[in-house]
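Read-outs throughout are calculated quantities, based only on the coordinates presented, and are distinct from any laboratory measurement. Since the model is a prediction, treat every value here as computed from it, not as a measurement. In this analysis, Cβ positions are derived from the backbone assuming ideal geometry, glycine residues included, and neighbour counts consider all displayed protein chains.
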Amino acid sequence: MAVKGKWAQGIEPRNFRWVMKDVLAVCERPGGYGANHRRVRRQEEIIWVREQGFSPVISIIASPANLHNYDELGVTWLHRPFSNHEDMGVYLAQFLPELKGLLAGRHKVLIHGEELGDRISGIVGAYLVWSGLMPTGPKAISLTEQLTARQLGPVGRELVAVALTLPPAP
């Protein structure tokens, strides 16, 4: 059996962060976003995601563009678009139980948006408080900021607040 070289393992996506080690992670869109997006980098990052055993990758980007690249490289994905006009309560009421089910099924999940910004960070904080992993909104926000190495802005904080209004995880 041939030994795989360094590049056969791919490269870690930008702003990759573990939320729960070897269980749940977040990152920027593979290949970057906007003018920084690079096809070759996207392919190398998806290879890394595959080699790490993530299944599924959940994209919250509004557009399904480039999701077919996961298929081409044998990575299971889900598209759960979260647009600017989305009702946060409705979105979280559907997304959070699905995420909990995936994690309970021992799936290794990676969530990505265009960038590691308020939407992704807010979803992390929302999950932490909704699932009961963190007892209060402020503690969930503080932990999320530590995990993502970024400050949570108004959208992220609102997602955490909305999660507190939802029925708690079963």
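With the contact rule set at Cα under 8 Å and sequence spacing of 6 or more, what percent relative contact order holds for the chain? Let's see the in-between values first.
Values: 281 pairs, mean separation 38.3, N = 170.
Relative contact order comes out at 23 percent.
Can you give the calculated 222 nm mean residue ellipticity of the chain, where each DSSP H run of n ≥ 4 adds -39,500 (n - 2.57) and the sum is split over every residue, rounded to the nearest 500 deg cm²/dmol? All intermediate terms of the calculation are to be shown ahead of the outcome.
Working: 6 runs with 72 residues, N = 170.
So the helix-based figure for the chain works out to -13000 deg cm²/dmol.
Karplus-based coupling profile of the range 123-135, in residue order and whole Hz: 5, 4, x, 4, 5, 4, 7, 5, 6, x, 5, 10, x, with θ = phi - 60° in 6.51 cos²θ - 1.76 cosθ + 1.60 and x standing for Gly or Pro.
Please find, in a Gaussian network model of the chain (springs between Cα atoms separated by less than 10 Å), the residue of V124, V19, V90 whose mean-square fluctuation is greatest. In the Gaussian network model the winner is V90.
Using the crude model of +1 on Lys and Arg Cβ and -1 on Asp and Glu Cβ, and no other charge, please compute the dipole size for the range 1-140 relative to its Cα centre, in debye to 20. Walk me through the numbers on the way to the answer.
On the way: 17 positive and 14 negative charges, 83 e Å.
It comes to approximately 400 debye.
In this calculation the C-beta distance from Q94 to E145 is compared with R0 = 22 Å, giving a FRET efficiency of 0.30. Around the Cα centre of the range 12-67, unit charges on the Cβ atoms of Lys, Arg, Asp and Glu (plus for the first two, minus for the last two) sum to a dipole of about 180 debye. Cα extents for the range 89-170 along the principal axes, largest to smallest and rounded to whole angstrom: 30, 25, 21.
Please report the projected area of the chain's Cα convex hull averaged over all directions, in nm².
Details: hull surface 40.9 nm².
Spelled out: convex hull of the Cα atoms, projected over all directions, averaged, 10.2 nm².
Summing charges over neighbours of A169, with a neighbour being any other residue whose Cβ is under 14 Å away from its Cβ, gives 0 when K and R count +1 and D and E count -1. The number of Lys pairs in the chain with C-alpha atoms less than 23 Å apart, excluding pairs fewer than 8 positions apart on the same chain, is 8.
Within 14 Å, Cβ to Cβ, of L128, how many net charges do the neighbouring residues add up to if Lys/Arg are +1 and Asp/Glu are -1? Working shown, then result.
Details: positive: R17, K100, K139, R157; negative: E145.
Here the charged neighbours net out to +3.
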